[in-house]
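This report concerns only the one structure given below.
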There are 2 protein chains.
Amino acid sequence: MISIAIHGGAGTILRSSMTPEKEQAYKEALQAALNIGYSILEMGGTSLDAVEQAIRSLEDCPLFNAGRGSVFTADGTHEMDASIMDGKTLEAGAVAGVHGVKNPVSLARLVMEKSGHVMLAAKGAVDFAREMDCEFRDAEYFYDEFRFKQWQEVKGSDTFQLDHAAKKDEKFGTVGAVALDKAGNLAAATSTGGMTNKRFGRIGDSPVIGSGTYANNNTCAVSCTGSGEFFLRSVVAYDVSCLMEYKGLSLADATKETIQKRLLNIGGDGGLIAVDAKGNISLEFNTEGMYRACKNSKGLEEISIYEA
Amino acid sequence: MISIAIHGGAGTILRSSMTPEKEQAYKEALQAALNIGYSILEMGGTSLDAVEQAIRSLEDCPLFNAGRGSVFTADGTHEMDASIMDGKTLEAGAVAGVHGVKNPVSLARLVMEKSGHVMLAAKGAVDFAREMDCEFRDAEYFYDEFRFKQWQEVKGSDTFQLDHAAKKDEKFGTVGAVALDKAGNLAAATSTGGMTNKRFGRIGDSPVIGSGTYANNNTCAVSCTGSGEFFLRSVVAYDVSCLMEYKGLSLADATKETIQKRLLNIGGDGGLIAVDAKGNISLEFNTEGMYRACKNSKGLEEISIYEA
């Protein structure tokens, strides 16, 4: 059994602000990332490689708020966060507030495998990336006209936007992937460009092990997207794992409990993707939509944006 | 019922490298912090105020690796982390990699109450501290000869020390406090100066909600100290809460399970302090010692360093 699920953010994705062309472009980008990850699993590759490569594909696509498509901070720069976790060893790596790095998810993996640490931040994380010979890109690569306009609308104000916010198209811009490989190992990873007009070096849940990302072969692999502050306070990803391990819930019941009850109870919006050790997949969200796709070796394949 | 517990780090605290004078100094500092927190609870103050003020006292004392006594990074500076959580509202605040701020725990509380965010890092967090008119101190205030010598021993190498490491007196330098107030509200907070000769903007578990700090009126308040990377991977603080809520364990059994089994299974060293909604206290560690103290309104009072 092999399984993979990916997401490209959740939120108020209005059909009215979506053109058929735009919808098509999103679905094609999701399909491409799904195929990359699934092929790796099919050829006997590891779930770690599958989630990393699927996310690199989403990071390289300007449609999603991660990597190339990252939103602008209040300073007019980009501060990206990412994390990855190996369900077999419980090893994990994360970076917060990095700029110029082409693929933050791959930097997170290098943190896991080469740094002796779990989480590196800001300038120090960029120094580490240079020592590791990571690919860097200049400001032009990260410049996107749509993102720039988003920023211009709120620049100079105290307003920060969780990506396509400001009521029109309120979307929490994050990408994520979870997978189960042939060897039975789970992995999860998440990457984001944060919030438009973000200040003060704010860190959301995406680079935080336990909140935005978690993987454990005994339970599940989870990647979240949503109002990061609420996900941090709810320790969402590990909550799903604990509901399965300590309360005996199924993946479907655990993800429902966490997203539809516990997160909602404190006012948190968003969703998650998860896969368990048997290859079951859950795509749970309490917003109007979530860019998502999944595929397993039992014939399941889905690419969706709006609520079912 | 009121209860408070504090810690000043865990690790290999060798009696051979401890003089009676040094032991006395540590115990007096713990006693002073305990008294400050307990008096607040006794006068009907909140658990949030009690943990913040107890930690400020430990941060102001050069004996502990937090605030004034913070260790040196590889650059010869100080990068401090802190977090705080309110068990009543599940609100939380954290800062990572800040320098110059006299009391990082109070900055974490300002993040919780004034920023609209949960976690701020590095330069951005310092900018926020300036906007909030936090107290700053210059390099001289943070200079400590013992810390400087610790750094000189490993400076220029790839070695980083979890405070008093290098085999002599291996201690994970962190301070923490947990409390239950008369209104039945729990709170937890943690503060640290990180690792000697730290590089790359490394973030440990101390500023991470769920790993280093967690509080929830339904279960418990927890503050951790130890090998931060393992605490992050084990999501230690929230694990204790989940074992109580989802598996029905007592505070004592939950903290034992997390520290003596789950954390040890992946090779993690350290400990935690915890208090539950009934005022029970747990001081659990798998190292040779943990600087710790606790007091409740049923007559319990303890100040200890070594294993019982």
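The values are calculated or read from the model by the stated rules, or taken from the named source; none is laboratory data. Fair warning: this is a prediction, and the values are worked out from it, not measured in the lab. Every residue, glycine among them, receives a Cβ derived from its backbone with ideal geometry; neighbour counts consider all protein chains shown. Keep in mind that these areas ignore ligands, DNA and RNA; they rest on the heavy atoms of the full protein, side chains included. Shrake-Rupley method; radii C 1.70, N 1.55, O 1.52, S 1.80 Å.
Could you look through the range A:257-274, keep only residues that are at negative phi and in contact with a strand residue (DSSP E or B) (Cβ under 6 Å, 6 or more places away or on another chain), and pick out the one that is modelled with the lowest pLDDT?
Of everything passing the filter in the range A:257-274, A:ASP269 is modelled with the lowest pLDDT.
Output yes when any residue across the range A:262-285 is part of a helix (DSSP H, G or I) and open to solvent by less than 40 Å² (accessible area, probe 1.4 Å), and no when none is.
yes
Okay, residues lined up against (1) in contact (Cβ under 8 Å) with a residue 40 or more places away in the chain; (2) hydrophobic (A, V, I, L, M, F, W, C); (3) out of contact with any strand residue (DSSP E or B) (no Cβ under 6 Å at 6 or more places or on another chain):
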site	(1), (2), (3)
A:GLY87	yes, no, no
A:ALA96	yes, yes, no
A:GLY116	no, no, yes
A:ALA125	no, yes, no
A:GLU131	no, no, yes
A:CYS134	no, yes, no
A:PHE142	yes, yes, yes
A:PHE148	yes, yes, yes
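Only one of (1) of a type in the set (Val, Ile, Thr); (2) over 20 Å from the mean Cα position of the chain (by Cα); (3) more than 14 Å from chain A (Cβ to nearest Cβ) fails for B:ILE281. Which number is that?
(2)
For the range A:192-208, how many residues are within 21 Å of B:GLU229 (Cβ to Cβ) and either more than 8 Å from chain B (Cβ to nearest Cβ) or open to solvent by 10 Å² or more (accessible area, probe 1.4 Å) (or both)?
Count: 3.
For the range A:113-132, give me the residue count where each residue is of a type outside the set (A, V, I, L, M) and more than 7 Å from chain B (Cβ to nearest Cβ).
Total satisfying the criteria: 5.
Which residue is modelled with the lowest pLDDT, if the candidates are limited to the range A:19-58 and must be surrounded by fewer than 20 Cβ atoms within 10 Å (Cβ to Cβ) and of a type in the set (Gly, Ala, Ser)?
So the residue we want is A:ALA25.
For B:VAL95, all conditions in the list (1) at the interface with another protein chain (Cβ under 8 Å from one of its Cβ atoms); (2) within 20 Å of B:ALA187 (Cβ to Cβ) hold save one; what is the number of the exception?
Checking B:VAL95 against (1) at the interface with another protein chain (Cβ under 8 Å from one of its Cβ atoms); (2) within 20 Å of B:ALA187 (Cβ to Cβ), the one that fails is (1).
Determine whether B:SER250 is at pLDDT 95 or above, among the hydroxyl-bearing types (Ser, Thr, Tyr) and open to solvent by 10 Å² or more (accessible area, probe 1.4 Å).
yes
Considering only residues that are among the polar types (S, T, N, Q) and within 11 Å of chain A (Cβ to nearest Cβ), look in the range B:219-241 and name the one that is farthest from B:VAL95 (Cα to Cα).
Checking each candidate, the answer is B:SER241.
Suppose we keep only residues that are in a strand (DSSP E or B) and farther than 17 Å from B:VAL178 by Cβ within the range B:79-110. Which one would you say is most open to solvent (accessible area, probe 1.4 Å)?
Looking at the filtered set, the residue picked out is B:GLY97.
Working only within the range A:1-27, note down all residues that are in contact with a strand residue (DSSP E or B) (Cβ under 9 Å, 6 or more places away or on another chain) and assigned to a helix (DSSP H, G or I).
A:ARG15, A:GLU23, A:TYR26, A:LYS27, listed by residue number.
Can you say whether A:LYS171 is open to solvent by less than 30 Å² (accessible area, probe 1.4 Å) and modelled with pLDDT under 85, as far as the supplied structure shows?
yes
Any residue in the range B:59-68 that is open to solvent by less than 20 Å² (accessible area, probe 1.4 Å), outside any helix (DSSP H, G or I), under 18 Å from B:GLY212 (Cα atoms) and among the aliphatic types (A, V, I, L, M)?
Within the range B:59-68 (the criterion being open to solvent by less than 20 Å² (accessible area, probe 1.4 Å), outside any helix (DSSP H, G or I), under 18 Å from B:GLY212 (Cα atoms) and among the aliphatic types (A, V, I, L, M)), the answer is yes, since at least one residue qualifies.
Do we have B:THR73 as within 14 Å of chain A (Cβ to nearest Cβ) and surrounded by 23 or more Cβ atoms within 10 Å (Cβ to Cβ) here?
Here the answer is yes, as B:THR73 does meet what is asked.
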